[in-house]
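Undergrad: Here it is: the structure, laid out below.
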Amino acid sequence: MKAYLVLDFAIHDLRGFMPYVAQIPAFIAKHGGKYVVQGTEPTVMEGDWAPQRMVILEFPSRQDAQAFLDDPEAQPLFAVRHATTDSKLVLVDGCD
């Protein structure tokens with residue numbers, strides 16, 4: 001079953017964030033992932049959720065998504081994202 005990582009984030013240090021933008025796609029691909037939505041500004045249609053930017057990544061399985069998150073070589077990039085953005089991340093299973 002496919003799995004999705006959904007990231008809602010606001011960048012507060014664009015210059016510092018750019019190494020993440022340049023390097024993280026290789027780690028996504030390494031774990032079989034692909035962008036479904038890449039850093040777009042969403043339009044809120046209902047409710048009081050106010051996301052700034054959205055990224056949605058699709059992985060072949062929950063295990064692949066978790067392996068991406070746990071990849072030791074990607075941890076420094078995740079630290080860059082944490083230091084340069086305010087972000088919220090969820091992992092959800094898709095429908096097959």
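Values in this text are rule-based calculations from the coordinates and carry no lab data. Remember, predicted model here, so these are calculated numbers, not experimental data. Every residue, glycine among them, receives a Cβ derived from its backbone with ideal geometry; neighbour counts consider all protein chains shown.
Undergrad: Can you list the HN-Hα couplings for the range 88-95, worked out from phi with the Karplus curve (6.51, -1.76, 1.60; θ = phi - 60°), rounded to whole Hz and with x for Gly and Pro?
TA: In residue order, the calculated couplings are 10, 9, 10, 10, 10, 7, x, 9 Hz.
Undergrad: Moving on to the next point. Which values, in whole Å and largest first, are the semi-axes of the equivalent ellipsoid of the chain obtained as the square root of 5 times each eigenvalue of the Cα gyration tensor? Intermediate results must be reported in sequence, preceding the final value.
TA: Values: eigenvalues 82, 74, 20 Å².
For the chain, the semi-axes come out at 20, 19, 10 Å.
Undergrad: Still on this structure, please answer the following. Please check: in the Gaussian network model of the chain (C-alpha springs, under 10 Å), which one of Ala79, Ala50, Ala29 has the largest mean-square fluctuation.
TA: Ala50
Undergrad: Please list the non-local residues whose amide H lies under 5 Å from the amide H of Lys2, H modeled 1.01 Å from N, same-chain partners needing a gap of 5 or more.
TA: Under 5 Å from the amide H of Lys2: Gly94.
Undergrad: Within a Cβ distance under 13 Å of Asp64, other residues only, what is the Lys/Arg minus Asp/Glu net charge? Working shown, then result.
TA: On the way: positive: Lys2, Lys30, Lys34, Arg62; negative: Glu58, Asp70, Asp71, Asp93.
Neighbour charge sum, excluding Asp64 itself: 0.
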